[in-house]
Amino acid sequence: MFEVLARDFIRIIKQYGIRAKLERRGLRVGLRAIFSIDNLNDFQFGELVSVGHGSVVVVTNEMVADEGYRSTLTVGNEVYINEYCNIRASGGQISIGNKVLLAQFVTIIGSNHSYEKKNSIMDQKWDSRKVEVFIGNDVWIGAHTTILPGSRIMDGAIVGANSLINGIVPAYEIWAGNPARKVGARK
């Protein structure tokens with residue numbers, strides 16, 4: 001029992017250390033936002049970036065897809081990540097442009113697990129076929145949207161609430177649904 005308490009205490013102290021370093025570098029962090037980042041150099045962010053209350057940001061390089069590959073998260077300027085978002089760059093690279101709005105409960109997943117039958121899924125490296133998510137500039141992602149590995153949301157696009165993105169959303173188009181499809185365009 002003591003080992004579990006000590007391990008949890010060390011994890012909490014590490015969390016506050018990462019959070020303090022990020023705040024000193026200019027990131028605005030909401031209450032109870034959680035960061036799990038192995039190396040702060042793998043998480044780059046611009047000016048006026050906010051991460052809302054209860055959001056989870058994970059950038060780890062455990063079980064990487066390929067040798068020499070780095071999981072990274074890059075966030076541009078004036079990006080607002082609302083409450084309870086889930087951004088997981090482990091095994092993948094996520095790039096978010098400038099002036100992007102992520103509504104509440106948005107999930108962005110940088111990679112999937114491999115799933116060959118010869119080993120248990122938990123013991124396999126990340127699947128290296130789709131290991132990148134790109135979100136351009138001036139993008140608005142609606143609440144409860146999930147963005148899967150390999151997806152690209154181009155400049156000026158809007159994704160409606162409760163959508164599932166698994167591919168390319170062209171510039172200035174409006175997509176919604178599960179799976180998402182074009183429902184309009186910005187004029």
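The values are calculated or read from the model by the stated rules, or taken from the named source; none is laboratory data. These figures come from a predicted structure and were not determined experimentally. All Cβ positions, even for glycine, are placed from backbone atoms using ideal geometry, and neighbour counts span all protein chains on display.
Numbers below:
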| quantity | calculated |
| --- | --- |
| Residue check for Ser114: of a type in the set (Ser, Thr, Tyr) and either closer than 27 Å to His53 by Cβ or crowded, with 17+ Cβ neighbours inside 10 Å (or both) | yes |
| When residues of the stretch 171-187 are limited to those that are among the aliphatic types (A, V, I, L, M) and assigned to a strand (DSSP E or B), the one farthest from Ile109 (Cα to Cα) | Ala185 |
| Condition broken by Ser120, with the remaining ones in (1) small (Gly, Ala, Ser); (2) out of contact with any Ser or Thr (no Cβ under 6 Å at 6 or more places or on another chain); (3) at pLDDT 95 or above satisfied | (3) |
| One residue from Val79, Val57, Val139, Val51 being in contact with an Asp or Glu (Cβ under 8 Å, 6 or more places away or on another chain) and either under 23 Å from Gly26 (Cα atoms) or of a type in the set (Asp, Glu) (or both) | Val139 |
| Scan of the stretch 52-71 for residues that are part of a loop (DSSP other than H, G, I, E, B), on the phi < 0 side of the Ramachandran plot, surrounded by fewer than 22 Cβ atoms within 10 Å (Cβ to Cβ) and modelled with pLDDT of 90 or more, ordered by number | Gly52, His53 |
| Qualifying residues in the stretch 85-95 (those that are at pLDDT 95 or above and among the hydrophobic types (A, V, I, L, M, F, W, C)) - the one farthest from Leu164 (Cα to Cα) | Ile94 |
| Residue satisfying condition, being surrounded by 15 or more Cβ atoms within 10 Å (Cβ to Cβ) and free of Cβ contacts under 8 Å to residues at least 24 places away in the same chain, within set Leu148, Leu164 | Leu164 |
| Those residues of the stretch 145-185 which are within 18 Å of Asn86 (Cα to Cα) and among the hydroxyl-bearing types (Ser, Thr, Tyr), in sequence order | Thr145, Thr146, Ser151, Ser163 |
| Hits in the stretch 96-136 - residues which are touching an Asp or Glu at 6+ places or on another chain (Cβ under 7 Å), among the hydroxyl-bearing types (Ser, Thr, Tyr) and farther than 17 Å from Ile165 by Cα | Ser114, Ser128 |
